[in-house]
1. Just to verify a result, which residue in the stretch A:128-150, among those that are away from every other protein chain (no Cβ under 14 Å) and surrounded by fewer than 22 Cβ atoms within 10 Å (Cβ to Cβ), is farthest from B:I126 (Cα to Cα)?
2. Which residues, counting only those in the stretch B:178-200, are out of contact with any Lys or Arg (no Cβ under 9 Å at 6 or more places or on another chain), open to solvent by 30 Å² or more (accessible area, probe 1.4 Å) and under 19 Å from B:A210 (Cα atoms)?
3. Can you tell me which condition B:S123 does not meet? The list is (1) within 14 Å of chain A (Cβ to nearest Cβ); (2) touching a residue at least 40 places away in the same chain (Cβ under 8 Å); (3) among the small types (G, A, S), and all the others hold.
4. Say whether the condition of being more than 10 Å from chain A (Cβ to nearest Cβ), in contact (Cβ under 8 Å) with a residue 40 or more places away in the chain, open to solvent by less than 40 Å² (accessible area, probe 1.4 Å) and not in a loop (DSSP other than H, G, I, E, B) is met by at least one residue in the stretch B:88-107.
5. Mind listing whichever residues of the stretch B:23-46 are open to solvent by 30 Å² or more (accessible area, probe 1.4 Å) and closer than 15 Å to B:E243 by Cα?
6. Is it fair to say B:A226 is more than 14 Å from chain A (Cβ to nearest Cβ) and either in contact with a Ser or Thr (Cβ under 7 Å, 6 or more places away or on another chain) or in contact (Cβ under 8 Å) with a residue 24 or more places away in the chain (or both)?
7. Just give me the residues in the stretch B:24-83 being more than 14 Å from every other protein chain (Cβ to nearest Cβ), among the small types (G, A, S), more than 16 Å from ligand 2 (Cβ to nearest atom) and touching a residue at least 12 places away in the same chain (Cβ under 8 Å), in sequence order.
8. With respect to B:A210, determine if the residue is more than 16 Å from ligand 1 (Cβ to nearest atom) and either open to solvent by 10 Å² or more (accessible area, probe 1.4 Å) or of a type outside the set (A, V, I, L, M) (or both).
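The values are calculated or read from the model by the stated rules, or taken from the named source; none is laboratory data. On a predicted model such as this, the values are computed, not experimentally measured, just so you know. Here Cβ is always computed from backbone atoms with ideal geometry, including for glycine, and neighbour counts include all displayed protein chains. Surface accessibility is based on the protein's heavy atoms, side chains included, excluding ligands, DNA and RNA. Shrake-Rupley method; radii C 1.70, N 1.55, O 1.52, S 1.80 Å.
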Amino acid sequence: MPFDPNFIRRLLPALLEGAEITIELSVLTIAICLVWGLLVALANATRGPLAWLAAAYIQIVRNTPLLIQMYLVYFGLGFAGLPLSGFMCGLLALCLQNGGYVAEIYRGGLQSVSARQYESGRALGMRRWTLYRVVVLPQVIARVIPPLANQGISIIKDTSQVAAIAVMDIMKVAQIWVESSANTYDVFLTVGLIYLSLTTIVSFGARFAERRLAFVA
Amino acid sequence: MPDTEPGRMATMPRLMLEMRGVAKRFGANEVLRGVSLSVPRGQTVVVIGPSGSGKTTLLRCINMLEDYEAGIVAVDGVPIGYAVDEKSGRRQRMAERAIAAARETIGIVFQSYNLFPHMSVLSNIIAAPIRVKGVSRPQAETRARELLAMVGLSDKEKEYPARLSGGQQQRVAIARALAMEPKIMLFDEVTSALDPELVGEVLAAMRQLARDGMTMVVVTHEMSFARDVADRVVFMDGGVIVEEGPPETMFSTPKTERVRQFLKRHNDRYRI
Ligand SMILES: Nc1ncnc2c1ncn2[C@@H]1O[C@H](COP(=O)(O)OP(=O)(O)OP(=O)(O)O)[C@@H](O)[C@H]1O
Ligand SMILES: [Mg+2]
């Protein structure tokens, strides 16, 4: 029987416990990728071997499925005698892949800043780091917020794949409840609504940040 | 070093800009073929010449926005970009840090509007003094307001560049360059992209600057500006200085046929 309030009342605490793992994974992945992706993009903007390395990394992680990366990290580290928890493996794989996507977003942002802007800064005596901090990055950040928000939403949804390596996230909890009850529909509906509320928070946060950082241009 | 040689100082007026034998190529294209140019302190040199003659490249070499293969540049006796080793006489590229420091002494304004779009007018002007020179914010703001008053934009300090006209943006760009208290100002066709009715306000600011004793190198097609403001006019063609002299003689009795041709074509086009 779908829409059974008693069933949902029993289900909810378990799902919220799983949601806690989902939120932890999402927040950590987003925070790490914001920094890691920028480092990769800056490396990619240099000339020389570092740029090659960054480009190769981006290509590889973007062109293989997340699930495969997760299995490779999970079992690979196991074979290598470094068994990490499922949570850590999931986090690592999520950061690896999304770091590549976020780096591409930053790269687009960096390319949108014209060479003239760099020259104006240099002509005023700015050295590389000052130039990036004062002139380039503020412009990049204002422009990348919308695509970064999309990526953040995509990360939240992607965390559901850690269920495959036995992490008790909301998806895994849901699967267990589905197997042990006939009320499949209520489980997935509730899970869907929880995901929706998480992604909505990101959307609103991004819109707020966009307004704060926007400049007339 | 020259400061310790008073005798030499007395016979040679101190040059604010000295370029010797600057040569620059883009691939096979020799854009500057050994250009030497000296500008005494407080003087304005106007550079004219046909499109592609190397005027922009010349200015960009002065502050090392463009690297060059031969020659040296010094501002107020301090080398920029390349220093000559005393003993070997060899030319050596300076460290990035030294080049950046030297650039602080050279203000440049480009043809295209290059203000920082994410900053207000005031922030555009105080950014480099604060972040590069370490000037305190109140001090930088006071100076910025003086400069904005000088270019006639006191009421625009909170505005963003996108909300300003081209002429206003160029005047802010002049103020931004001046805020670093440069020893010399370089202008590359700063009025060429402007609507005709906005040209005057920018030229007026430059005239004022010249009157106040700034040393300037000005690339322009505005011949009336050259006639009024220039101490010396330099004609470039094919990467060399073909002729130079005071504006009175350059414009009325040029020595070379090339300058005559250029001025004639120019006057036909602009009917002046
Ligand atoms: N970055 C570059 N790469 C390759 N060639 C260049 C570059 N910049 C300039 N050139 C070439 O150098 C030559 C001189 O260019 P420059 O811009 O200095 O001329 P200009 O005298 O300023 O011309 P204009 O009056 O049109 O501004 C031209 O042939 C131009 O094509
Ligand atoms: Mg030019």
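1. Going residue by residue through the stretch A:128-150, those that are away from every other protein chain (no Cβ under 14 Å) are A:146-150.
Still in the running and surrounded by fewer than 22 Cβ atoms within 10 Å (Cβ to Cβ): A:146-147, A:149-150.
Values: A:P146: 30, A:P147: 31, A:A149: 32, A:N150: 35 Å.
Step by step, filter the stretch A:128-150, then rank; the result is A:N150.
2. The one that is out of contact with any Lys or Arg (no Cβ under 9 Å at 6 or more places or on another chain), open to solvent by 30 Å² or more (accessible area, probe 1.4 Å) and under 19 Å from B:A210 (Cα atoms): B:G200.
3. Against the list (1) within 14 Å of chain A (Cβ to nearest Cβ); (2) touching a residue at least 40 places away in the same chain (Cβ under 8 Å); (3) among the small types (G, A, S), B:S123 comes up short only on (2).
4. The initial filter retains those residues of the stretch B:88-107 that are more than 10 Å from chain A (Cβ to nearest Cβ), namely B:88-95, B:98.
Next cut, in contact (Cβ under 8 Å) with a residue 40 or more places away in the chain only: none.
So far as the stretch B:88-107 goes, no, none of its residues is more than 10 Å from chain A (Cβ to nearest Cβ), in contact (Cβ under 8 Å) with a residue 40 or more places away in the chain, open to solvent by less than 40 Å² (accessible area, probe 1.4 Å) and not in a loop (DSSP other than H, G, I, E, B).
5. Of everything in the stretch B:23-46, those that are open to solvent by 30 Å² or more (accessible area, probe 1.4 Å) and closer than 15 Å to B:E243 by Cα turn out to be B:R33, B:G34, B:S36, B:S38.
6. Details: more than 14 Å from chain A (Cβ to nearest Cβ): yes; either in contact with a Ser or Thr (Cβ under 7 Å, 6 or more places away or on another chain) or in contact (Cβ under 8 Å) with a residue 24 or more places away in the chain (or both): yes.
Taking the combined requirement at face value, the residue satisfies it.
7. Within the stretch B:24-83, the first condition is being more than 14 Å from every other protein chain (Cβ to nearest Cβ), and the residues that meet it are B:24-55, B:58, B:68-74, B:76-77, B:79, B:82-83.
With the extra rule that they be among the small types (G, A, S), the set shrinks to B:27-28, B:34, B:36, B:38, B:42, B:49, B:51-54, B:70-71, B:74, B:77, B:83.
Those left that are additionally more than 16 Å from ligand 2 (Cβ to nearest atom): B:27-28, B:34, B:36, B:38, B:42, B:70-71, B:74, B:77, B:83.
Of everything in the stretch B:24-83, those that are more than 14 Å from every other protein chain (Cβ to nearest Cβ), among the small types (G, A, S), more than 16 Å from ligand 2 (Cβ to nearest atom) and touching a residue at least 12 places away in the same chain (Cβ under 8 Å) turn out to be B:G34, B:S36, B:S38, B:G42, B:A70, B:G71, B:A74, B:G77.
8. On the way: more than 16 Å from ligand 1 (Cβ to nearest atom): yes; either open to solvent by 10 Å² or more (accessible area, probe 1.4 Å) or of a type outside the set (A, V, I, L, M) (or both): yes.
In short, yes.
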